[in-house]
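Nothing in this text is a laboratory measurement; each read-out follows from the coordinates by a stated rule. As the structure is a computational prediction, the values presented were derived from the model and not from experiment. No Cβ is skipped: glycine too gets one built from the backbone with ideal geometry, and neighbour counts run over all protein chains shown.
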Amino acid sequence: MAVVDSCVDWITFPMCRLGCLVCLELNLYVQVCGFDPDPSLWTFVTRNRQHPCRMIVRHLKHACLAWLLSTGCKVLSCHFSQEASFETPYWHRYFPDKRIRGFDEMPTVGPVTEEYKNFKIHEAYQRWVLEVGHVVKELFSDGSCCVHVYHKDDFVTIYRNDGKYPLRKSHQVIARYRRDRPHLYNSVGLGPGMGAEWHYLRRMLPSGVGGNAYLPLRQQLEEVADDFVDLVQSNLDENNEIDILPYMFRWAFESIGVITLNRRLNALAKVKNEEAENLIEAAHLTNEIIFLSNVGDFEKQYERLIPAQDYFAKVIMAYLLEANLDPEGSCLVNKLSAEGASPKDILTLILDLFQGAIGTVPLTLNWALYQVCRCPGIQERARKDLLRIMPNKDSRYYESAGRRVELLFQASNASPIVQAILRETLRLSPPAIGNGRINSKDLVLGGYLVPAGNMIVLQSQAACRLEEYFERPLEFIPDRFLDSEKYHKKGGVNRPFGFGPRACIGQPFAHGQLTLALSKILRNFEVTYNREEVGIINRLHNEPDRPVIFKMEQVPH
Ligand code: HEM
């Protein structure tokens, strides 16, 4: 391919230097290959680019691209940005000849089987960047492959070229289940959906889950969090110890029930609720099956999925029918119905929200507690903030924390230390290893041309553990998010919720829930962990490799 023999560069066109309110200060970045800069032409393009209006900026974009194409180069991608450019691609350091390498020349690994079987694939991902480099092609035994990227500039290139319908190949086994049941589902859902089919569903929740519209549910969510804390308290053993994670799953289940159905599902009842337990179990099994079906044995995994999803769908369908009995109701289901969404699409969406919420938030909270226990002094500092927000043990969190801005979650109202703990947890111990995309255009990543249609994994977790992005990257240091002078950090790879139009739909809700629950726990308990170090197993999500038994002692006041 001709492209491969030429060099690639980011060209910057400063669009507006006036800094006016309309078009701000925009630069147009164009990734080209085969561009041989001629200084006189360059001056021609960059001269007189000061225009105070966005329309003119757009017009100039077309003019610049037309000019570039006339130079005979190939335009790979372009975007507007106010950020500093990466004028010289980072990989020129590794390839001083600046020649773009072909896809076949990309360093390869695999096939690996052991690490998938042992649920330890995250360890291989971490090793590859250290041993092979920032761009690695993993070969699978069926002959297919996947590109793993670890460099922040490649993250930017991928996300900026996402387009209107970002493509992600995941949850294929769910897609098969739903396609096989057209009487229940119109589409495969948010996780596996692609193109216009995905967009149709996604735009039913344009602001995601947990924004302003959910404000009236804050009271109920706080009651759920209080019930969770009470349940934990009443299940501590004689040494005040507890494996808290199963209770966190019940809390997350109950909370997503409130958000979607505006009702309590009794998952936090003192006597275990069998239906809730079965649903939580079905969600865990589904995650494991999604993971295993990605790495072979698709048919066998599909067979395992059927009873779990049949049960899940049957119970959620019954909840939806009950919600629809009250057409005046105010829950998300009523709202979607009123806006004309079909019952099949509502079922698909609600199932995806339950599935998305049950594992991720509790695992993050559990990792946060584990890390907090290994970080001397942080609990006392957080509690100082929390005593201000909740002076008494029975003080309401949202009454005091939400006074200023009426949002379910408002970072500026929360304890800065609690926020820093959560951000650091999501950096070091996120629930997902990273994010996936299929590139819809040819892209140059790390100096290699990746033809459109390839599977790419943005290795956020592994990259966040590299010294080049975070100082002392393997240490849990919440202060790195409080004192940017003291700790060097570069955020481009730290994307625990993904990015762009396809980023996690539950991010605002997850933030709100994590902040609320961690604040309640640290306000009420001194938490310690005195047992052996906990490792990670990954079955779609990063789970602890053993029960994490915390000691939780009530704080006196
Ligand atoms: C700490 C908690 C969470 C983390 C770290 C997380 C992370 C992610 C990531 C990385 C993605 C892929 C984004 C992309 O492709 O750019 C995603 C997608 C998704 N998440 Fe979350 N998530 C969390 C909580 C939740 C919650 C609470 C819900 C439901 C309320 C949820 C529902 C979903 C759904 C449905 C998708 C698919 C969205 C789509 O493709 O349009 N997640 N999440």
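Our estimate of slack between Ser395 and Tyr487, defined as 0.36 nm per intervening residue step minus the Cα-Cα distance, is 29.6 nm. May I ask for log10 I(q)/I(0) of region 511-557 at q = 0.14 Å⁻¹, from a Debye sum over the Cα atoms as equal point scatterers with solvent left out? Normalising to I(0) and taking log10 leaves -0.49. Farthest towards the positive end of the charge dipole of region 424-557, among the residues Val548, Tyr487, Pro451, is the Cα of Pro451, using unit charges on the Cβ of Lys, Arg, Asp and Glu. P(r) tail, region 255-366: Cα-Cα pairs separated by more than 22 Å, 37% of all pairs. If you model region 121-222 as an ellipsoid using its alpha carbon gyration tensor, with each semi-axis the square root of five times an eigenvalue, the axes come out at 32, 22, 15 Å, biggest first. Dimensions of region 462-550 from C-alpha coordinates, computed as largest minus smallest value along each principal axis and given longest first, are 34, 31, 30 Å.
Among the listed pairs Lys393/Lys551; Lys520/Lys551; Lys117/Lys272; Lys152/Lys486; Lys120/Lys489; Lys384/Lys490, those with a Cα-Cα distance over 25 Å are Lys117/Lys272; Lys120/Lys489; Lys384/Lys490. Taking the square roots of five times each eigenvalue of the Cα gyration tensor of region 193-239, the equivalent ellipsoid has semi-axes of 37, 16, 5 Å, listed largest first. Taking Cα centre as origin and charging only the Cβ of basic (Lys, Arg, +1) and acidic (Asp, Glu, -1) residues, the dipole magnitude of region 159-224 rounds to 380 debye. For region 436-503, the spread of Cα coordinates along the three principal axes comes to 41, 26, 18 Å, biggest extent given first. Once a ≥ b ≥ c are taken as the square roots of the eigenvalues of the Cα gyration tensor of region 302-359, is the result rounded (a/c under 1.5), prolate (a/b larger than b/c) or oblate (a/b not larger than b/c)? Judged from the Cα gyration tensor, region 302-359 comes out prolate (a/c at least 1.5, a/b above b/c). Put in line by how crowded their Cβ is, counting other Cβ atoms within 10 Å and starting with the fewest, Asp394, Asp385, Asp545 read Asp394, Asp545, Asp385. Kirkwood hydrodynamic radius computed over region 106-164 comes to 12.5 Å, based on all pairs of distinct alpha carbons. Taking other C-beta atoms within 10 Å as the exposure proxy, Asp97, Asp483 rank Asp97, Asp483 from fewest upward.
Suppose a student asked you for the relative contact order of region 483-552, using Cα pairs under 8 Å spaced at least 6 residues apart; what percent would you report?
Values: 32 pairs, mean separation 14.7, N = 70.
Across region 483-552, relative contact order equals 21 percent.
For q = 0.12, 0.15, 0.28 Å⁻¹, what log10 I(q)/I(0) does region 233-306 give under the Debye formula with an equal point scatterer on each alpha carbon and no solvent? For region 233-306 at q = 0.12, 0.15, 0.28 Å⁻¹, log10 I(q)/I(0) is -0.47, -0.66, -1.18.
Let a ≥ b ≥ c be the square roots of the eigenvalues of the Cα gyration tensor of region 350-403; is it rounded (a/c under 1.5), or, if not, prolate (a/b larger than b/c) or oblate?
Details: a/c = 3.77, a/b = 1.33, b/c = 2.83.
Here region 350-403 falls in the oblate category.
Just the ratio, please: alpha-carbon radius of gyration of region 283-435 over 2.2 N^0.38 Å, N its number of residues. Before the final figure, lay out the partial values.
Working: Rg = 20.3 Å, N = 153, 2.2 N^0.38 = 14.9 Å.
Output field value: 1.36.
For region 374-518, dividing the convex hull volume of the Cα atoms by the residue count gives 134 Å³ per residue.
By the count of neighbouring beta-carbon atoms within 10 Å, fewest first, Ile100, Ile438 end up ordered Ile438, Ile100. Of all aspartates and glutamates in the structure, those lying under 17 Å Cα to Cα from Lys164, and not within fewer than 8 positions of it along the same chain, are Glu197, Asp442.
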